[in-house]
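Here is the structure we will look at, set down as structure tokens.
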Amino acid sequence: MAGNILIVILVAFDPHLHTPMYFFLGNLSSLETCYSSAILPRMLASFLSGDRSISVAACLAQLYLFGVLAGTECYFLAVMSYDRFLAICKPLHYAMLMNGRICIQLTVVSWICGSLGCSIVIFLVSRLNFCGPNKIDHFFCDLTPVVILSCNDTHLVEIAAFIIACIGTLPPLLITLASYVCIINNILRIPSTTGKQKAFSTCSSHLIIVSCFYGSLMIVYVLPDISSLSEVKKLFSLFYTLLTPLLNPLIYSLRNKEVKEAVRKCFRKLHRLKIQKRRSKRKL
């Protein structure tokens with residue numbers, strides 16, 4: 001969360017980072033901050049206090065927030081890969097194809113697409129009655145462990161969740177992979193070996209994060225719900241709830257020269273402010 005919040009602050013206040021790429025990175029970091037906040041504080045409070053109870057309303061709220069943010073991140077990663085595709089493969093048309101208005105439109109569309117599917121599923125879940133055992137077999141209110149507790153027929157909810165999970169993960173994944181295939185194809189044409197190595201290093205890092213995020217989501221939500229896979233799904237849930245928000249700022253932002261320079265400028269300003277305060281105290 002500290003890394004993601006730092007990136008949001010840098011992108012907001014450093015004029016050198018007011019570009020489409022960093023606009024999307026700042027939005028991704030703010031999304032990751034909310035994403036972590038929807039799950040981790042409640043989980044840590046349970047570990048510290050020992051009170052693992054949660055109301056039905058709070059559970060549905062957590063499920064909704066998590067679903068919206070995870071769905072939005074799928075589309076956001078696709079938008080970011082498309083932005084890199086334009087920057088690398090269509091550099092002469094980049095300024096025209098990725099201006100401020102289009103950046104805002106893509107961001108809004110990502111949030112809408114991420115919200116719609118989850119809203120339908122949560123509406124169906126909210127109409128269920130929970131009259132049986134009240135113990136959720138998970139570390140947060142995920143869809144399958146919550147639906148299992150219902151004493152109604154959950155067939156419709158399961159079908160709707162499966163269809164929406166496929167729609168929410170497969171098209172953005174295909175867009176992301178297609179963008180990186182074009183990017184890699186363009187990189188292969190670079191005559192310099194050093195340039196190729198740097199470009200492949202960046203692309204491979206991004207693809208590892210994308211693979212971890214999408215792969216774990218599809219394992220958890222697309223594979224059939226059978227008892228033998230329940231422990232495996234809980235393990236893979238850690239990938240998209242903890243690992244991806246932790247690695248995203250390191251892979252996407254904090255390795256960039258522009259971001260490193262912005263961090264140095266920020267610390268220099270803070271250091272100067274401290275010196276000025278000390279001097280003003282001495283004068284007083």
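The values are calculated or read from the model by the stated rules, or taken from the named source; none is laboratory data. All values derive from a computational prediction rather than experimental measurement. Every residue, glycine as well, gets a Cβ built from its backbone with ideal geometry; the counts of neighbours run over all protein chains shown. Remember, those area values only see protein heavy atoms, side chains included, never the ligands or the DNA or RNA. Shrake-Rupley method; radii C 1.70, N 1.55, O 1.52, S 1.80 Å.
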Of residues in the stretch 10-48 being in contact with a helix residue (DSSP H, G or I) (Cβ under 8 Å, 6 or more places away or on another chain), at pLDDT 85 or above and hydroxyl-bearing (Ser, Thr, Tyr), the one farthest from Ile136 (Cα to Cα): Tyr22
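Going residue by residue through the stretch 36-56, is there one that turns out to be small (Gly, Ala, Ser), farther than 20 Å from Glu258 by Cα, touching a residue at least 24 places away in the same chain (Cβ under 8 Å) and open to solvent by 50 Å² or more (accessible area, probe 1.4 Å)?
Taking the stretch 36-56 first, the residues small (Gly, Ala, Ser) are 36-38, 45-46, 49-50, 53, 55.
Checking the rest, the ones that are also farther than 20 Å from Glu258 by Cα come to 36-38, 45-46, 49-50, 53, 55.
Retained after the next criterion (residues that are touching a residue at least 24 places away in the same chain (Cβ under 8 Å)): 36-38.
This time we only want the ones that are open to solvent by 50 Å² or more (accessible area, probe 1.4 Å), so: 37.
Checking the stretch 36-56: at least one residue is small (Gly, Ala, Ser), farther than 20 Å from Glu258 by Cα, touching a residue at least 24 places away in the same chain (Cβ under 8 Å) and open to solvent by 50 Å² or more (accessible area, probe 1.4 Å).
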Looking at the stretch 20-59 only, could you name the residues that are farther than 18 Å from Leu243 by Cα and under 20 Å from the mean Cα position of the chain (by Cα)? Pro20, Met21, Tyr22, Phe23, Phe24, Gly26, Asn27
Condition (residue is without any contact (Cβ under 8 Å) to a residue 24 or more places away in the chain, surrounded by 13 or more Cβ atoms within 10 Å (Cβ to Cβ) and of a type in the set (A, V, I, L, M)) applied to the stretch 69-91: is it met by at least one residue? yes
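To keep it simple, each residue is scored yes or no on (1) farther than 23 Å from Ser37 by Cβ; (2) part of a loop (DSSP other than H, G, I, E, B).
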residue: Leu124; (1), (2): yes, no
residue: Phe130; (1), (2): yes, yes
residue: Pro133; (1), (2): yes, yes
residue: Asp137; (1), (2): yes, yes
residue: Cys141; (1), (2): no, yes
residue: Thr144; (1), (2): no, no
residue: Asp153; (1), (2): yes, yes
residue: Phe162; (1), (2): yes, no
residue: Gly168; (1), (2): no, no
Residues located in the stretch 19-53, provided they are of a type in the set (D, E, K, R) and more than 17 Å from Val68 (Cβ to Cβ): Asp51, Arg52
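Scanning for something part of a helix (DSSP H, G or I) and among the basic types (Lys, Arg), does the stretch 89-97 turn up at least one residue?
No - not one qualifying residue is present in the stretch 89-97.
What's the total number of residues in the stretch 92-106 that are of a type in the set (Val, Ile, Thr) and surrounded by fewer than 13 Cβ atoms within 10 Å (Cβ to Cβ)?
1
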